[in-house]
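Down below is the structure, laid out as structure tokens.
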Amino acid sequence: MPNSAIIPVPELVAGSVTTTGFRSPLRTSIAMKSVHNAELDESVIDWPVHMQRALDIACNVIAANPNPRVGCVITNNNTVVAEGWHIAAGHPHAEAMALENAQAAAEGGIAFVSLEPCNHQGRTGPCSEALIEAGVSTVVIAMGDPNPKVSGQGVRRLEEAGIEVFQLKDFERPAREINPGFITRHQKGRPFVRMKLAMSMDGRTALSNGESKWITGPSARADVQKLRAASSAIITGIGTVLADDPRLNVRVEEMDLSEAQLISNEESLKRQPLKVILDSNLKTPDSARVLQGGRTIIFTNHAEPSNQFAVANDVEVYNCSNGTGPHASGVELHSVLESLAVEFECNDVLLEAGPTLCGSFLKACLVDELVLYIAPKLLGSDAKALLELTGIESMDETLDFDISELYQIGEDIKVVLRPQ
Ligand SMILES: NC(=O)c1ccc[n+]([C@@H]2O[C@H](COP(=O)([O-])OP(=O)(O)OC[C@H]3O[C@@H](n4cnc5c(N)ncnc54)[C@H](OP(=O)(O)O)[C@@H]3O)[C@@H](O)[C@H]2O)c1
């Protein structure tokens, strides 16, 4: 017996959903229906396939910052008639691209979208209106808009126009996974913080004389370039600027992308992430490579950041003072992240710093994901430790993580961890 695609709603006339669309006479008085794959009727058994495809094509781009990555598939009479995805900010949304590709074939069809269609005028028009004008009968989404101020408005507008809207519940988690930064920014008012660290098997990052290039091999370093490209900003500390003189830019030629990836990311890769230095005392040298090319922001502890320094170096300097408490030496990390979210619309930020700043972020519980590259080397116990993290005195106080990915990359190991 096929299951009903409609979860029980008291006023709703029971019935199954078909790919040509089912309209309840009570449609306007009920909210969007959330269904699990196991509840789908045989006639709509292909819905998960189309939603999975919408998620897959959303990932054609490494990032669409400050926008989310979104994919859309339009079907009609059980046939895929068009696809679209958001290639970069300022370009058409996924729904608009798919509708453009579908033309008249969208009428009466079903739009599968990985995120609730927007209902506001941004850089482009509202997608809800475009779907209504195109005459689709049904919209299936994977997740609602994470912005609490607009969440549900796209669905409401579609329903007011008589379009049936469903959420495929089992796709909510994977849909959230492709846009962690966009979701964190809207829900927590700060970016998603991804901390990258490269270390030896014995958890060391540099020899005692400071030499650290290169602990990991070329494949791991190419992967770090992809992490940079996926980020709105790269954060480092003055210690790393002085020790390594990094450029902190995305170098496409080092990313090891396929021809297809290069083509689909042509627009998104035109955008370099912001370079962010946490430097309490403005010790960044004028000659630092990080100041050359691309937008650089320095957060300092100076009561009045020196404009002269900023003008001379074409960088923006902001005060994020830590006050006068016991940890007043560094800049205030919560304020830095809030500023990056609010003023600079940063979704994901990549923390590429040394043991001091990485330790501070961990102590402040501001790390959402840890990406660890482990080289099959031993640097010995006089080499430098991974983190400045003291004061853990019992097993109850350890920082615990879940492993979400673990695989070999070139000659190294990559582990992705999330705090428990
Ligand atoms: N293995 C890796 O993946 C990796 C990655 C990057 C760097 N490194 C290595 O790390 C070494 C440098 O480490 P590091 O610890 O000296 O440098 P760091 O962590 O990059 O920077 C530390 C500095 O940031 C400033 N800072 C500002 N606000 C802070 C806050 N709230 N908390 C903590 N620090 C804050 C402090 O200087 P002020 O007080 O003067 O502002 C602090 O001394 C280098 O040898 C480099 O090669 C390794």
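The values are calculated or read from the model by the stated rules, or taken from the named source; none is laboratory data. Computed from a predicted model, the values in this text were never measured in an experiment. Here Cβ is always computed from backbone atoms with ideal geometry, including for glycine, and neighbour counts include all displayed protein chains. SASA here: full protein model, heavy atoms, side chains in, ligands and nucleic acids out. Shrake-Rupley method; radii C 1.70, N 1.55, O 1.52, S 1.80 Å.
Descriptive notes on the structure:
- Looking only at the range 224-255, and only at residues there that are without any contact (Cβ under 8 Å) to a residue 40 or more places away in the chain and assigned to a loop (DSSP other than H, G, I, E, B), the one that is most open to solvent (accessible area, probe 1.4 Å): 251
- When we screen 102, 58, 64, 88 for residues that are of a type outside the set (Ser, Thr, Tyr) and more than 15 Å from the chain's Cα centre (by Cα), the only hit is 102.
- Yes/no for residue 192 being of a type in the set (Phe, Trp, Tyr) and touching a strand residue (DSSP E or B) at 6+ places or on another chain (Cβ under 7 Å): yes
- Filter result for residue 211 (in contact with a Gly (Cβ under 6 Å, 6 or more places away or on another chain) and either over 22 Å from residue 83 (Cβ atoms) or in a loop (DSSP other than H, G, I, E, B) (or both)): no
- Just one of the numbered conditions (1) at pLDDT below 95; (2) open to solvent by 90 Å² or more (accessible area, probe 1.4 Å); (3) within 16 Å of the ligand (Cβ to nearest atom); (4) within 27 Å of residue 274 (Cβ to Cβ) is not true of residue 326: (4).
- Residue in the range 201-223 that is within 11 Å of the ligand (Cβ to nearest atom), hydrophobic (A, V, I, L, M, F, W, C) and open to solvent by 30 Å² or more (accessible area, probe 1.4 Å) present: yes
- Scan the range 285-310 for residues that are of a type in the set (A, V, I, L, M) and open to solvent by 10 Å² or more (accessible area, probe 1.4 Å) and the total you get is 3.
- The one condition from (1) more than 29 Å from residue 372 (Cβ to Cβ); (2) within 12 Å of the ligand (Cβ to nearest atom) that residue 318 does not meet is (2).
- A Cβ distance below 8 Å, combined with a sequence gap of six or more or placement on separate chains, defines the contacts here; from the range 337-354, residues that are outside any loop (DSSP other than H, G, I, E, B) reach residues that are open to solvent by less than 10 Å² (accessible area, probe 1.4 Å) and among the small types (Gly, Ala, Ser) in the pairs 340/233; 348/181; 348/231; 349/181; 349/231; 349/233; 350/231; 350/233.
- Some residue of the range 355-367 being in contact (Cβ under 8 Å) with a residue 24 or more places away in the chain, within 15 Å of the ligand (Cβ to nearest atom), open to solvent by 30 Å² or more (accessible area, probe 1.4 Å) and among the aliphatic types (A, V, I, L, M): yes
- Yes/no for residue 169 being charged (D, E, K, R), in contact with a strand residue (DSSP E or B) (Cβ under 9 Å, 6 or more places away or on another chain), open to solvent by 50 Å² or more (accessible area, probe 1.4 Å) and in contact (Cβ under 8 Å) with a residue 24 or more places away in the chain: yes
- Scoring residue 130 on the criteria (1) free of Cβ contacts under 8 Å to residues at least 12 places away in the same chain; (2) in contact with a Leu (Cβ under 6 Å, 6 or more places away or on another chain) leaves a single failure, condition (1).
- Subset of the range 256-284 [within 16 Å of the ligand (Cβ to nearest atom) and open to solvent by 50 Å² or more (accessible area, probe 1.4 Å)]: 281, 283
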